[in-house]
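Reviewing the structure listed below.
The values are calculated or read from the model by the stated rules, or taken from the named source; none is laboratory data. For clarity, every value in this text was computed on a predicted model and none was experimentally measured. Neighbour counts are summed over all protein chains in view; Cβ atoms, including those assigned to glycine, are modelled from backbone coordinates with ideal geometry.
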Amino acid sequence: MKTFVEFRSKKFPPYDGEEEDINPGLWGKRLAEYFVENLPAHGIEPGEIIAEDWGWYIPIPNDGISLGLGCGHQYGDDDEFLCMTDPQLPIVRKLFKKIDATPQLLKLTEAIQSILTSDQDISEISWREP
């Protein structure tokens, strides 16, 4: 299942001082805020954005499994971004059982695709497996 999406946009420059919250050369808070603003229109209510060393994490309250979206700038050009779902694979192991997260991941990836493709300031959208 393709749960990583790369794309280009000049729409999400870093905030001043954002690198103090995450690793140098990485950012994406504006991108995370963009998804927090747009996901509810797709029936997904995100939680509060969390700073990670690699970028920004958006938890998505969900029954049964932890679900979220990671967002960040890629090393390279200033307009290269990557988003990845959490979990990255549809089968989640929880104690002694396997949980199929396919329905939750499909809903999330379809929402992301719709948000990205409907924005003329976002280009070169490319999905891949983890």
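Among the candidates Pro46, Pro61, single out the residue that is under 25 Å from Leu89 (Cβ atoms), part of a loop (DSSP other than H, G, I, E, B) and at pLDDT 95 or above. Steps first, please.
Numbers: Pro61 fails: at pLDDT 95 or above.
Among Pro46, Pro61, only Pro46 is under 25 Å from Leu89 (Cβ atoms), part of a loop (DSSP other than H, G, I, E, B) and at pLDDT 95 or above.
For Gln104, indicate whether it is touching a Leu at 6+ places or on another chain (Cβ under 7 Å), surrounded by fewer than 20 Cβ atoms within 10 Å (Cβ to Cβ), of a type outside the set (A, V, I, L, M, F, W, C) and closer than 16 Å to Phe4 by Cα. Let's see the steps before the verdict.
Values: touching a Leu at 6+ places or on another chain (Cβ under 7 Å): yes; surrounded by fewer than 20 Cβ atoms within 10 Å (Cβ to Cβ): no; of a type outside the set (A, V, I, L, M, F, W, C): yes; closer than 16 Å to Phe4 by Cα: yes.
For Gln104, the condition - touching a Leu at 6+ places or on another chain (Cβ under 7 Å), surrounded by fewer than 20 Cβ atoms within 10 Å (Cβ to Cβ), of a type outside the set (A, V, I, L, M, F, W, C) and closer than 16 Å to Phe4 by Cα - is not met.
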Point to revise | Unmet criterion (only one of (1) assigned to a loop (DSSP other than H, G, I, E, B); (2) among the polar types (S, T, N, Q); (3) surrounded by 15 or more Cβ atoms within 10 Å (Cβ to Cβ)) for Thr109 | key: (1)
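Does Ala51 satisfy being crowded, with 19+ Cβ neighbours inside 10 Å, over 19 Å from Pro130 (Cβ atoms) and within 14 Å of the chain's Cα centre (by Cα)?
Values: crowded, with 19+ Cβ neighbours inside 10 Å: no; over 19 Å from Pro130 (Cβ atoms): yes; within 14 Å of the chain's Cα centre (by Cα): yes.
In short, no.
For the stretch 63-73, which residues satisfy the criterion of being surrounded by fewer than 16 Cβ atoms within 10 Å (Cβ to Cβ) and either over 30 Å from Gly25 (Cβ atoms) or in contact (Cβ under 8 Å) with a residue 40 or more places away in the chain (or both)? Show your work before the answer.
Of the stretch 63-73, the ones surrounded by fewer than 16 Cβ atoms within 10 Å (Cβ to Cβ) are 63-66.
Across the stretch 63-73, the qualifying residues are Asp63, Gly64, Ile65.
Here are Lys10, Lys97, Lys2: which of them is among the basic types (Lys, Arg) and within 16 Å of the chain's Cα centre (by Cα)? Write out each step before concluding.
Numbers: Lys10 fails: within 16 Å of the chain's Cα centre (by Cα); Lys97 fails: within 16 Å of the chain's Cα centre (by Cα).
Only one candidate qualifies: Lys2.
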Exercise for review: Kindly indicate whether any position in the stretch 74-84 is aromatic (Phe, Trp, Tyr), free of Cβ contacts under 8 Å to residues at least 12 places away in the same chain and either out of contact with any helix residue (DSSP H, G or I) (no Cβ under 7 Å at 6 or more places or on another chain) or over 22 Å from Ser9 (Cα atoms) (or both).
Suggested key: no
**Study point:** Leading residue by the ranking (farthest from the chain's Cα centre (by Cα)) among those in the stretch 64-75 that are part of a strand (DSSP E or B) and under 14 Å from Lys107 (Cα atoms)
**Key:** Gly68
Revision key, fill the gap. Considering residues that are touching a residue at least 12 places away in the same chain (Cβ under 8 Å) and assigned to a strand (DSSP E or B), the number found within the stretch 85-106 is 5
Check your understanding: Going by the structure shown, is Glu124 acidic (Asp, Glu) and not in a loop (DSSP other than H, G, I, E, B)?
Key -> yes
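I'm trying to understand the selection: among the residues of the stretch 85-97, which are modelled with pLDDT under 85 and of a type outside the set (A, V, I, L, M)? Talk me through it step by step, then tell me what you get.
So the first thing to find is which residues in the stretch 85-97 are modelled with pLDDT under 85, and the list is 89-97.
Result: Pro90, Arg93, Lys94, Phe96, Lys97.
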Review point. Tell me, which residue of the stretch 1-40 that is small (Gly, Ala, Ser) and either without any contact (Cβ under 8 Å) to a residue 12 or more places away in the chain or assigned to a loop (DSSP other than H, G, I, E, B) (or both) is surrounded by the fewest Cβ atoms within 10 Å (Cβ to Cβ)?
Key: Gly17
